[in-house]
Amino acid sequence: MTGRIAQTIHIVSACWVLVLGLIIFLDVLGRYFFSQPLLGATEIIKNSVVSITFLQLPLAIYRGGMIRSTILYDFFGKNMKRVLRTFASILGLLFFLGTAFSSWGPAVEALAVSEYEGEGALRVPTYPVRFLVFVTSLFAAYVYLHVIFLDWTDRIESFIESADAT
């Protein structure tokens, strides 16, 4: 179930990237042919990059796609590798819990004061992105916890293979 949610939000982020590409294309065409940029394109792009990044994190965690160094890892046996993976997952879990904790206040404040970016024709509210960072950080922390569980119950390889197949 958790893996399916991670895949779904990853698909949403991929579709978002396509829409963002269209916005950039229209902005460039407007600037080149009509000397008129697409209004609000800059604000939409700035907020979208953060959103897309956070939406892609849970599936990257599941698939083992987070950056890691294997200099020492390759020298250890199976049990020590599991301990190192668990340690790395605990650090990831703590990092994303910290990110969620630190993003909650600014998200609530952005909602309370109706914070936005942009002037003129298009004003983009910032609270949706701030709450998205909070929610996806909590979900990423949960994914790390789930990965630890899968690893210690010897089901992580089969889970990664099934995630790659879909």
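What follows is calculated from the coordinates using simple rules that are stated; it is not laboratory data. In this text, all values refer to a predicted model and were calculated from it rather than measured experimentally. Note: ideal-geometry Cβ built from the backbone for every residue, glycine included; neighbour counts use all protein chains shown.
Residues in region 80-135 that are in contact with a strand residue (DSSP E or B) (Cβ under 8 Å, 6 or more places away or on another chain) and of a type in the set (Gly, Ala, Ser): Ala110, Ser114, Gly118. Among what's in region 90-140 and is part of a loop (DSSP other than H, G, I, E, B) and among the acidic types (Asp, Glu), pick the residue that is surrounded by the fewest Cβ atoms within 10 Å (Cβ to Cβ). Here the answer is Glu119. Based on what the data block shows, is Ala60 among the aliphatic types (A, V, I, L, M) and closer than 26 Å to Val12 by Cα? When the stated conditions are applied, Ala60 passes them.
For (1) over 25 Å from Met1 (Cβ atoms); (2) free of Cβ contacts under 8 Å to residues at least 60 places away in the same chain; (3) among the β-branched types (Val, Ile, Thr), each residue gets a yes or a no:
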| position | (1), (2), (3) |
| --- | --- |
| Phe87 | yes, yes, no |
| Phe95 | no, yes, no |
| Gly98 | yes, yes, no |
| Ser114 | yes, yes, no |
| Glu117 | yes, no, no |
| Ala141 | no, yes, no |
| Asp151 | no, no, no |
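Filtering region 1-39 to residues that are of a type in the set (Gly, Ala, Ser) and not in a helix (DSSP H, G or I) leaves only Ser35. For residues that are in a helix (DSSP H, G or I) and under 14 Å from His146 (Cα atoms), scanning just region 58-81, find the one that is nearest to the chain's Cα centre (by Cα). Filtering region 58-81 for residues that are in a helix (DSSP H, G or I) and under 14 Å from His146 (Cα atoms), the one nearest to the chain's Cα centre (by Cα) comes out as Pro58. Select from region 60-80 the residues that are in contact (Cβ under 8 Å) with a residue 60 or more places away in the chain and over 12 Å from Ala141 (Cα atoms) and write down the one among them that is surrounded by the most Cβ atoms within 10 Å (Cβ to Cβ). The selected residue is Arg63.
Out of Val49, Val17, Val83, one residue alone is surrounded by fewer than 16 Cβ atoms within 10 Å (Cβ to Cβ), of a type in the set (A, V, I, L, M, F, W, C) and more than 30 Å from Pro128 (Cβ to Cβ). It is Val83.
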